[in-house]
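Asker: Here's a structure for you.
The values are calculated or read from the model by the stated rules, or taken from the named source; none is laboratory data. These figures come from a predicted structure and were not determined experimentally. As a convention, Cβ positions derive from the backbone with ideal geometry for all residues, glycine included, and neighbour counts pool all protein chains shown.
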Amino acid sequence: MLLREAREAVVEHCLRMRDDDLTVATSGNISVRVGDLVAVTPSGVAYESLTAAGVCVVDMDGHPADAATAGVVASSELPMHLAVYRGTDAGAVVHTHPLYATTVSLLLDELPAVHYMVAALGGPVRVAPYATYGTSELAEASVVAMAGRTAVILRNHGATTYGPDLPTAYTRSLYLEWLCRLWHQASLAGTPRLLPPEEIDRVAALLRGYGQRPGEVTPG
Ligand SMILES: [Zn+2]
């Protein structure tokens, strides 16, 4: 099977995405890049019934690259996944509809530095302007808002993260949702105090110094 490992990783993380409450029903999608090919979730398939053989494989233009799944429609957000691969050094992309990141998308233009772990995402995470799902406009707006970051929040929609590999990209989605939840919790009770940009830069340097991928570090 073409890209067997990548396809199995997509299935495994789709189930995690559901169990971790990062998305609802069949929404959300995951992809892994291997060379000039991308393994990506099919459109509208329940994660419980998704198998590695049912994961689509496309080229960098979005054309089917595996005859076995050529008739299966790839995720509607494929343009966004491909735009992230073209615009960054991503090895994997995770797109979700999590409750708190989507809440933040309705209220803010940027998730502020409420905790030093925003450094693991490159700094305060911007909210991309709204565009209809699946469009090239949304794909472009996402990549623009991701400049210098590994995450973006999508207005009235959800969130997208990327990383060198799927475990890292996925962990960043978990961090982003936790940070958004933290901001929301604090905002219910008052005005959150924030960290200054120089402290985020300092922590970013520390995280790099761990010599591990940001998703793997266990800061104190
Ligand atoms: Zn979506």
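Asker: Would you check if Ala101 is of a type in the set (A, V, I, L, M), touching a strand residue (DSSP E or B) at 6+ places or on another chain (Cβ under 7 Å) and in contact (Cβ under 8 Å) with a residue 40 or more places away in the chain?
Answerer: Yes, satisfied.
Asker: Which residues, taken from the range 159-194, are within 16 Å of the ligand (Cβ to nearest atom) and within 17 Å of Ala83 (Cα to Cα)?
Answerer: Matches in the range 159-194: Ala159, Thr160, Thr161, Tyr162, Ala169.
Asker: Further, regarding this structure: Do you know which of the residues in the range 36-58 that are part of a loop (DSSP other than H, G, I, E, B) and not aliphatic (A, V, I, L, M) is farthest from Arg7 (Cα to Cα)?
Answerer: Gly44
Asker: Any residue at all in the range 130-137 that's under 24 Å from Val203 (Cα atoms) and of a type outside the set (Gly, Ala, Ser)?
Answerer: For the range 130-137, residues under 24 Å from Val203 (Cα atoms) and of a type outside the set (Gly, Ala, Ser): absent.
Asker: For the range 2-13, check the following and say yes or no: at least one residue is over 21 Å from Ala101 (Cα atoms) and outside any helix (DSSP H, G or I).
Answerer: Looking for residues that are over 21 Å from Ala101 (Cα atoms) and outside any helix (DSSP H, G or I), one finds at least one in the range 2-13, hence yes.
Asker: Here's something else I'd like to know. Looking at (1) part of a loop (DSSP other than H, G, I, E, B); (2) within 17 Å of the chain's Cα centre (by Cα); (3) among the charged types (D, E, K, R), which is the only condition Asp61 fails?
Answerer: (2)
Asker: Sticking with this one: Any idea which residue in the range 67-118 is nearest to Leu166 (Cα to Cα), counting only those that are within 12 Å of the ligand (Cβ to nearest atom) and assigned to a helix (DSSP H, G or I)?
Answerer: Among residues in the range 67-118 that are within 12 Å of the ligand (Cβ to nearest atom) and assigned to a helix (DSSP H, G or I), the one nearest to Leu166 (Cα to Cα) is His81.
Asker: Condition first: loosely packed, with under 15 Cβ neighbours inside 10 Å and more than 16 Å from the ligand (Cβ to nearest atom). Now tell me which residues in the range 36-45 satisfy that.
Answerer: Passing the criteria: only Asp36.
Asker: Next question, about the same structure. Looking at the range 14-35, which of its residues are within 16 Å of the ligand (Cβ to nearest atom), small (Gly, Ala, Ser) and either in a helix (DSSP H, G or I) or at pLDDT 95 or above (or both)?
Answerer: Ser31
Asker: Something else about it: Residues that are free of Cβ contacts under 8 Å to residues at least 12 places away in the same chain and either within 21 Å of Leu22 (Cα to Cα) or within 16 Å of the ligand (Cβ to nearest atom) (or both): does the range 134-147 have at least one?
Answerer: Yes; the residues of the range 134-147 include at least one that is free of Cβ contacts under 8 Å to residues at least 12 places away in the same chain and either within 21 Å of Leu22 (Cα to Cα) or within 16 Å of the ligand (Cβ to nearest atom) (or both).
Asker: Among the residues of the range 47-56, what is the count of those that are away from the ligand (no atom under 16 Å from the Cβ) and within 19 Å of the chain's Cα centre (by Cα)?
Answerer: 2
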